[in-house]
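Shown next, in structure tokens, is the structure this report addresses.
The values are calculated or read from the model by the stated rules, or taken from the named source; none is laboratory data. Everything numeric in this text was worked out from a predicted model, so none of it was measured. A quick note on method: Cβ atoms are made from the backbone with ideal geometry, for glycine too, and the neighbour counts reach across all protein chains shown. These accessible areas exclude ligands, DNA and RNA; they are computed on the full protein's heavy atoms, side chains included. Shrake-Rupley method; radii C 1.70, N 1.55, O 1.52, S 1.80 Å.
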Amino acid sequence: QVQLVESGGGLVQAGGSLRLSCAASGSTFSTHAMGWYRQAAGKQRELVATITSGGTTNYADAVKGRLTISRDNAKNTLYLQMISLKPEDTDIYYCYAKRGGVLYWGQGTQVTVSS
């Protein structure tokens, strides 16, 4: 069982930066693939970025060059560094952990980018 708790969301002006964190419980954090999705009200959940247990990353085209996913296995924490934020990045951001077909979700953190 893995429990995930996101933090770091908030209100920021366009062009600003935020760093989201996802703290995970459990001793097997390093063996899980991790990632971030985002979802706005009335829209489908959108994959933002992923990182494998080995550190390989992948990004949605809409965020390439602006968002950076990373993980600190010693701290059981996943990060999403966000720069050059745009109003269209406004969403609830969810982290997930996945291993062996089992998927765990956090509760989400709101990011709002004002124009």
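Restricting to Cα pairs below 8 Å that are 6+ residues apart, what does the relative contact order work out to for the chain? Please round to a whole percent.
Normalised by residue count, the contact order of the chain is 37 percent.
If you roll a 1.4 Å probe over the chain with all protein chains in place, what percent of the accessible area is carbon or sulfur?
48 percent
Evaluate the distance, in nm, between pseudo-label points positioned 7 Å from the Cα of Lys64 and of Trp105 along their respective Cα→Cβ axes.
Calculated label separation equals 2.8 nm.
Cut-off under 24 Å on the C-alpha distance; same-chain residues fewer than 8 positions from Lys43 excluded. Which lysines are left, in chain and number order?
Lys64, Lys86, Lys98
Over what distance in Å are the Cα centres of region 48-115 and region 3-40 separated?
That distance is 6 Å.
Counting heavy atoms of the protein chains only and a 1.4 Å probe, report the per residue accessible area for the chain as a whole number of Å².
51 Å²
If each residue of separation counts as 0.36 nm, what is the full-extension length gain between Gln44 and Arg19 once their alpha-carbon separation is subtracted?
Here the answer is 6.7 nm.
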